[in-house]
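The values are calculated or read from the model by the stated rules, or taken from the named source; none is laboratory data. All figures in this text were calculated on a predicted structure; none of them were measured in a lab. For neighbour counting, all protein chains shown are included, and Cβ atoms are generated from backbone atoms with ideal geometry for every residue, glycine included.
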């Protein structure tokens, strides 16, 4: 099954002609690397900065051998296999091997602590864990009893003697392939179970935000392969279309290293989350250091007009911002070659996805009316449900619509404008204030490197706006700067939206995917007594 491969044409024509492919069988290993191993076996699939590389033929054969090893360890269709590797050849082989067996990959970030690893392995009922020895060392006590551990060195040795089985398990598009635990800001993370078809659902958005890529193309992103952003926005769509992927991720994003990496390996397409772009912006004007890119894409949090303008000037092209979540990813986004970007907007629904803004009763919101973003199902990108949590799964749907929990408005041209999570929206003195709108204004100030805005309890207003700010080098906290920032928001958004509290931090708390952890900002403020006395 090959497709969809979209032509560069007006969006209206794309929407009119687009049809989802409906294969009887689909497998995330067979329909990616195996296809190119047959047609162009010598094409480079994966590169590592330390010198290793793998062709499509090598990825295919080696993953068959890894699958043989896993089968010998008792892995059958439907079993969960933990994968604790950084971006690497081993991570790619582990995923491919699991999918060949019809088993379910349970990716784990190397940034996780013991509690996070234990919870996911226990709750996901993993049978085997594939991991680096170095990653396992601090996590010895986190591995539940009964989980077999296969270190990297051991699986390579066993694979050398294994006989490759070229016939993968005959999975259907709707069969489960991936169990990813959401990086939620409150409560225990929920395991989103995704089918093989989730890759099919990602392809239209991938093709459009990549500006209709052609061979040769080289993809790289600092996005962790333990998350949807790394796996399904970069790695597997690139493998599906036969492109080359650079496998590398530092524990902490380094903007200087990122520029070097893109130049050294001739990266043509990159996914940089907003935090990474803000850190690149901290280097100033790139001038001669500008990478030679054919597309830059971003998602996870709103980019904002100021950061979009910086990227246009310093990276040489607009950033195609996109929107989605683990349960239904790449629903909405931009593709500046076929329709204009409206800075600050999430963009337009990508072909194949019916995305609406709903009122609480399930009716369609009017143009400009705040509502919840939802996608109509069935849709190949949609998750199958939350692992062992039917109540949460049921709450995620309203009729045929999968609810995202995100609030937005749709303008007269159909563009969607993100306003915040339902539980992040600030309700102050009768106003509903988007933290992202306040953040975008503050980001325009030359002193601000990064900002997180939350609502804090206030006896008069119900909630008040509070801003937590990381300053750029050369700037220092001061009462004068605090008042300057407050005045900036008052002038741009109005008196109702300016931050009554401004707090300067050395670093903001981030999730492994680069999103600001607002619940930790709230907790920090309340621990120190903010949010109790009216200002």
Can you say whether residue 126 is within 17 Å of residue 193 (Cβ to Cβ), free of Cβ contacts under 8 Å to residues at least 60 places away in the same chain, within 25 Å of the chain's Cα centre (by Cα) and in the same structural domain as residue 168 (by TED's automatic domain parsing), as far as the supplied structure shows? yes
Considering (1) over 27 Å from the mean Cα position of the chain (by Cα); (2) assigned to a loop (DSSP other than H, G, I, E, B); (3) crowded, with 17+ Cβ neighbours inside 10 Å, say which one residue 109 fails and leave the rest. (1)
Among the residues of the stretch 109-129, which ones are under 15 Å from residue 231 (Cβ atoms) and in contact with a helix residue (DSSP H, G or I) (Cβ under 6 Å, 6 or more places away or on another chain)? 110
Within the stretch 224-243, tally of residues that are touching a strand residue (DSSP E or B) at 6+ places or on another chain (Cβ under 7 Å) and either more than 21 Å from residue 180 (Cβ to Cβ) or free of Cβ contacts under 8 Å to residues at least 12 places away in the same chain (or both): 1
Only one of 136, 158, 106, 111 is touching a strand residue (DSSP E or B) at 6+ places or on another chain (Cβ under 6 Å) and in the same structural domain as residue 169 (by TED's automatic domain parsing); which? 106
Picking from 155, 143, the residue that is more than 29 Å from residue 37 (Cβ to Cβ) and either in contact with a helix residue (DSSP H, G or I) (Cβ under 6 Å, 6 or more places away or on another chain) or surrounded by fewer than 22 Cβ atoms within 10 Å (Cβ to Cβ) (or both) would be 143
Does the stretch 168-185 include one or more residues that are at pLDDT below 95 and not in a loop (DSSP other than H, G, I, E, B)? yes
How about the stretch 309-326: which of its residues are touching a helix residue (DSSP H, G or I) at 6+ places or on another chain (Cβ under 9 Å) and outside any strand (DSSP E or B)? 310, 311, 314, 315, 317, 318, 326
For the stretch 373-404, give me each residue that is without any contact (Cβ under 8 Å) to a residue 60 or more places away in the chain and within 19 Å of the chain's Cα centre (by Cα). 373, 374, 375, 403
Would you confirm whether or not the stretch 285-300 contains a residue that is assigned to a strand (DSSP E or B) and under 21 Å from residue 405 (Cβ atoms)? yes
Hits in the stretch 223-247 - residues which are part of a loop (DSSP other than H, G, I, E, B) and either at pLDDT below 95 or within 16 Å of residue 199 (Cα to Cα) (or both): 223, 224, 225, 226, 227, 241, 242, 243
Counted residues, the stretch 208-223 - those being surrounded by fewer than 22 Cβ atoms within 10 Å (Cβ to Cβ) and either in the same structural domain as residue 117 (by TED's automatic domain parsing) or out of contact with any strand residue (DSSP E or B) (no Cβ under 8 Å at 6 or more places or on another chain) (or both): 3
Note on the stretch 189-199: residues surrounded by fewer than 24 Cβ atoms within 10 Å (Cβ to Cβ) and farther than 21 Å from residue 300 by Cβ are 193, 195
Residues satisfying the stated conditions in the stretch 354-386, i.e. assigned to a loop (DSSP other than H, G, I, E, B), in contact with a strand residue (DSSP E or B) (Cβ under 6 Å, 6 or more places away or on another chain) and buried (at least 22 other Cβ atoms within 10 Å of the Cβ): 381, 382, 383
Top-ranked residue of the stretch 409-420 - restricted to ones that are within 19 Å of the chain's Cα centre (by Cα) and either within 14 Å of residue 349 (Cα to Cα) or surrounded by fewer than 18 Cβ atoms within 10 Å (Cβ to Cβ) (or both), ranked as modelled with the lowest pLDDT: 418
Filter the helices (runs of 4 or more DSSP H) completely within the stretch 1-95 down to those with at least 2 residues that are surrounded by fewer than 13 Cβ atoms within 10 Å (Cβ to Cβ) and at negative phi. 11-17, 35-39
Restricting attention to the stretch 397-438, the residues that are under 21 Å from residue 381 (Cα atoms) and touching a helix residue (DSSP H, G or I) at 6+ places or on another chain (Cβ under 7 Å) number exactly 1
